[in-house]
Amino acid sequence: MITQERLKSLKELEKKLGVHLQNIDLLNQALTHSSYAKSSNKENVPDNERLEFLGDAVLELIITKYLFRKYPHFNEGELSKLRSKIVSKENLSHQARRIGIGEYLLVGKDQEEIKSQDAPLADACEAVIGAIYLDKGLEVTDEFIFNLLADEKEKLKKMWDFKSLLQEYSQSVHKVIPKYKVVQEIGPDHKKKFRVKVKIGKIVLGEGWGISKKKAEKMAAQNAWKKIKLKGKKNEVPDC
């Protein structure tokens, strides 16, 4: 039985989550650590471990689907690397702290330190995802996860850029650094566009347009990377 004080706290958390659950007991269970369940005087107090198990699977499914569609030229290893960064305990505990989930986590007597530890916070975050999935379905859970991880998507864009991928490939395979060259400029000074070509060795692998040299280089690198991935599938990676 949820007390009025606990219910008020859960309603407060719902506002932070941006999701209203029909079955508030699910959210309460998601925030019940096993130490609390074991130390409680009440019988059969459910902890969050089963919801954590479910939430982990739902999170992986949603992130996998997103990455599969977002990066069509990435292979299984590259997709797995990206996914592991998003669903890591480190990242989930960071998101849990940002929301303040630890404040609402029920823990055993004299075990308050659990509320600030990475693993319990990440587990609680996954359990909350599991609770939302059971109560609201996949579509709402999908939206919740991407609101939760919005800042992480921006980090991914910066971390996993095509210039970095191209340079890593070029250095490891051909022992050279990609060279970028502006080959065309059009438009007035205040509204100029640039065309850039990127070469690995003597081979031009890609070109791109942009409103700045930097953006044109990124587009050239992206087109070059697509070409490398496509040729790699046919065992025709260019000898540079």
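What follows draws every value from the coordinates through simple rules; no lab data is involved. Computed from a prediction, not measured in an experiment: that's the story for all the values here. Ideal geometry is used to build each Cβ from the backbone, glycine not excepted, and the neighbour counts take in all protein chains shown.
Quick notes on this structure:
- Compared with the dominant Cα axis of the chain, that is its longest principal axis, helix 4-17 is turned about 10°.
- Label of the coordinate-derived value, Cα extents along the principal axes in Å, listed as (i) 49, 40, 34; (ii) 75, 42, 31; (iii) 58, 39, 32: (ii)
- Share, in percent, of DSSP beta bridges within the chain that are antiparallel, nearest 5: 95 percent
- From the alpha carbon centroid of region 166-191 to that of region 1-37 is 53 Å.
- Axis of helix 213-233 versus longest Cα principal axis of the chain: the two differ by about 90°, to the nearest ten degrees.
- Going by neighbour counts of Cβ atoms within 10 Å, the residues GLU103, GLU76 line up, fewest first, as GLU76, GLU103.
- Beyond 22 Å in Cα-Cα separation lie the following of the pairs LYS81/LYS163; LYS89/LYS136; LYS65/LYS214; LYS89/LYS218; LYS163/LYS214: LYS89/LYS136; LYS65/LYS214; LYS89/LYS218.
- The modelled label-to-label distance for the pair LEU7/GLU139, using points 7 Å beyond Cα in the direction of Cβ, is 3.0 nm.
- Seen against the Cα atoms of the chain and their longest principal axis, helix 89-99 is set at about 70 degrees.
- Built amide H within the under 5 Å cut-off of LEU21, gap 5+: none
- Calculated [222 nm] ellipticity per residue, helices only, for the chain: -18500 deg cm²/dmol; basis is -39500 (n - 2.57) per DSSP H run with n ≥ 4, divided by all residues, nearest 500.
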